[in-house]
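Report on the structure given below.
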Amino acid sequence: MDAHVHTGFAAGRDAVGVVVSAADQAGLSTITFADQAGPDTTWLPAYAAAVRRARHRTEITLRVAVEVEVVSADGWLALPADLAPLDALSVAVSGLPIGDDVLSPREVRTRMDDGLLLPGQVAELLVAAVVKGMERASRYVPAQLARPLALLGQAGLDDSVITPALVGELATACRATGTVVEVSEAWRSPSSRVVQMLLDAAVPVVPASDARYAAEVGRWQYLRRV
């Protein structure tokens with residue numbers, strides 16, 4: 001399976017049918033379309049309809065999802081207006097919610113360099129935002145966690161800032177909400193260490209290419225190492 005692929009509707013480059021053909025060539029049984037969407041998204045009905053049409057032409061299970069961002073510390077999500085066509089929500093945290101701001105990885109790095117944030121604080125704030133985002137998403141449809149904790153590496157932080165206690169918090173929330181964790185090929189996240197701790201905590205993990213191009217669907221290098 002491939003739990004996170006993109007199409008030309010948003011972040012990707014290829015049509016739904018082209019992506020399905022690539023998934024068939026890769027020998028996949030299931031793919032989840034997870035294009036990036038938000039409150040201003042207008043293409044969701046056409047996107048879902050394209051996937052429904054493709055279901056008639058393949059034996060691969062095709063799931064309709066969108067990738068949505070956590071945009072505040074309380075886990076508020078930048079959701080599209082209509083969630084009815086969706087089989088899942090893929091929850092992403094690309095910026096660190098802190099106070100009334102959402103800091104980019106560069107801004108996080110700057111605050112750490114200025115002594116305004118400690119690495120441990122960044123990890124705690126990130127996990128808290130992820131947990132609250134998953135809790136909100138799971139109220140609507142099944143949730144999956146996109147490129148987990150990738151923001152840390154983008155801000156120049158080592159994986160060691162994620163303590164076993166923080167992974168435990170994440171795992172508890174995943175089990176409570178039924179959230180599955182994507183292991184992202186494109187983002188090389190989470191690390192094999194975190195993946196092992198999640199597995200030990202009985203959290204389901206799924207392979208996700210985060211493919212922008214059809215040729216990347218179901219193609220694994222990082223995932224094989226993990």
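The values are calculated or read from the model by the stated rules, or taken from the named source; none is laboratory data. All values derive from a computational prediction rather than experimental measurement. Every residue, glycine among them, receives a Cβ derived from its backbone with ideal geometry; neighbour counts consider all protein chains shown. Remember, those area values only see protein heavy atoms, side chains included, never the ligands or the DNA or RNA. Shrake-Rupley method; radii C 1.70, N 1.55, O 1.52, S 1.80 Å.
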Checklist line | Condition check for Ala201: surrounded by fewer than 16 Cβ atoms within 10 Å (Cβ to Cβ), in contact with a Gly (Cβ under 8 Å, 6 or more places away or on another chain) and not aromatic (Phe, Trp, Tyr) | finding: yes
Margin query: Restricting to the range 58-94, name every residue that is open to solvent by 10 Å² or more (accessible area, probe 1.4 Å) and charged (D, E, K, R).
Written below: Glu59, Arg63, Glu69, Asp74, Asp82, Asp87
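Among the residues of the range 186-211, which ones are among the charged types (D, E, K, R) and part of a helix (DSSP H, G or I)?
Step one: of the range 186-211, the residues among the charged types (D, E, K, R) are 188, 193, 200, 210.
Within the range 186-211, Arg193, Asp200 qualify.
Mind telling me which of the residues Glu182, Glu169, Glu107 ends up being closer than 24 Å to Val5 by Cα and either within 18 Å of the chain's Cα centre (by Cα) or in a helix (DSSP H, G or I) (or both)?
Numbers: Glu169 fails: closer than 24 Å to Val5 by Cα; Glu107 fails: closer than 24 Å to Val5 by Cα.
From the options Glu182, Glu169, Glu107, the qualifying one is Glu182.
How many of the residues in the range 150-163 are open to solvent by 20 Å² or more (accessible area, probe 1.4 Å) and under 17 Å from Val205 (Cβ atoms)? I'd like the intermediate steps shown before the answer.
Of the residues in the range 150-163, the ones open to solvent by 20 Å² or more (accessible area, probe 1.4 Å) are 153-154, 156-161, 163.
So of that shortlist, the ones also under 17 Å from Val205 (Cβ atoms) come out as 159.
Qualifying residue count for the region: 1.
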Checklist line | Hits in the range 107-130 - residues which are touching a residue at least 40 places away in the same chain (Cβ under 8 Å) and open to solvent by 30 Å² or more (accessible area, probe 1.4 Å) | finding: Arg109, Pro119, Gly120, Glu124, Leu125, Ala128
Note to self: The conditions are (1) closer than 17 Å to Gln36 by Cβ; (2) surrounded by fewer than 22 Cβ atoms within 10 Å (Cβ to Cβ), and Arg147 fails exactly one of them. Which is it?
What the structure shows: (2)
Next item on the list: Among the residues of the range 25-35, write down those that are touching a residue at least 40 places away in the same chain (Cβ under 8 Å) and under 17 Å from Arg63 (Cβ atoms).
Entry: Ala26, Leu28, Ile31, Thr32, Ala34
Notebook entry, point to check: Applying the selection to the range 124-144, what residues are within 21 Å of Thr32 (Cα to Cα), small (Gly, Ala, Ser) and not in a loop (DSSP other than H, G, I, E, B)?
Noted result: Gly133, Ala137, Ala143
